[in-house]
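Following: one structure in structure tokens, then a few remarks.
The values are calculated or read from the model by the stated rules, or taken from the named source; none is laboratory data. If you're wondering where the values come from, they're calculated on a predicted model, not measured in any experiment. Positions of Cβ are backbone-derived with ideal geometry, glycine not excepted, and every protein chain shown enters the neighbour counts.
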């Protein structure tokens, strides 16, 4: 009988006992690195499928199901879809993806894009008007959909509405009337896959990308927001107040609210001044 493969050093017995959130991250990462990164080159005729294409993901999903864990989450359904496509490729079929490549925006759509990207500015004063929960959820979803390294999806969010809670965060500006969103990360995932040592920079890039996406969504909703950072003392206070587990680490935070100011947007250098080389 063929010996079960180790995945990131974990035996089958260990995978059967592994924290489901970590196992789920391994499934996403392996679907990305063992199927997705090859798939589109294979379909373009630029390479042949690796041996046992999709085998690792099949093995992991079998373990997931053996543990009786649900398959209804979008990320797991995506992994299942990638596996089915890989299996079709293995059979010599040409699967229909039913997807389209990016298309140029119309002039009208580009006006909206430019309004979003070039019109956003930091707002540091907010009106005492409540923000609907649905708006906050839209902002959080934008952060969730931001790019993140290797499909780990380790970003988490702590939403602070109470001014007393917000005062736990050290800041050089007074936080009044806004909603604070603290960008956190589940470090179990980075550590379990060894990414905290292999690509530690991804930890900070992932958090920054999430914060940027949330600010863009806030701007599109007519809210004002600002991107801020904090240190270990703030992290300690938040951990104690909310009894955060030791594997949850805070990285940065944003504050959003209804604008009570209309600041002049800082301008940047000329584009030609920042291009180091034109090839």
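Assorted remarks:
- Annotation for region 131-139: no member residue is within 22 Å of residue 241 (Cα to Cα) and surrounded by fewer than 18 Cβ atoms within 10 Å (Cβ to Cβ).
- Residue 100 under 26 Å from the mean Cα position of the chain (by Cα), at pLDDT below 95 and assigned to a loop (DSSP other than H, G, I, E, B): yes
- Single residue of region 245-272 satisfying the filter (over 20 Å from the mean Cα position of the chain (by Cα) and in a strand (DSSP E or B)) that is surrounded by the fewest Cβ atoms within 10 Å (Cβ to Cβ): 259
- Test: residue in region 201-212 that is more than 19 Å from residue 144 (Cα to Cα) and either more than 15 Å from the chain's Cα centre (by Cα) or not assigned by TED's automatic domain parsing to the domain that holds residue 21 (or both): no
- Screening residue 242 against (1) at pLDDT 95 or above; (2) out of contact with any strand residue (DSSP E or B) (no Cβ under 9 Å at 6 or more places or on another chain); (3) surrounded by fewer than 16 Cβ atoms within 10 Å (Cβ to Cβ) leaves a single unmet condition, (2).
- Among the candidates 161, 120, 167, 188, residue that is under 17 Å from residue 226 (Cα atoms) and buried (at least 17 other Cβ atoms within 10 Å of the Cβ): 120
- Residue match in region 34-43 (condition: assigned by TED's automatic domain parsing to the domain that holds residue 75 and more than 14 Å from residue 82 (Cα to Cα)): yes
- Search result, residues across region 103-117 that are part of a helix (DSSP H, G or I), surrounded by 10 or more Cβ atoms within 10 Å (Cβ to Cβ) and without any contact (Cβ under 8 Å) to a residue 60 or more places away in the chain: 109, 110, 111, 112, 113, 114, 115
- The set of residues in region 163-220 that are more than 17 Å from residue 259 (Cα to Cα), in a loop (DSSP other than H, G, I, E, B) and in contact (Cβ under 8 Å) with a residue 24 or more places away in the chain comprises 168, 169, 170, 171, 193, 194, 199.
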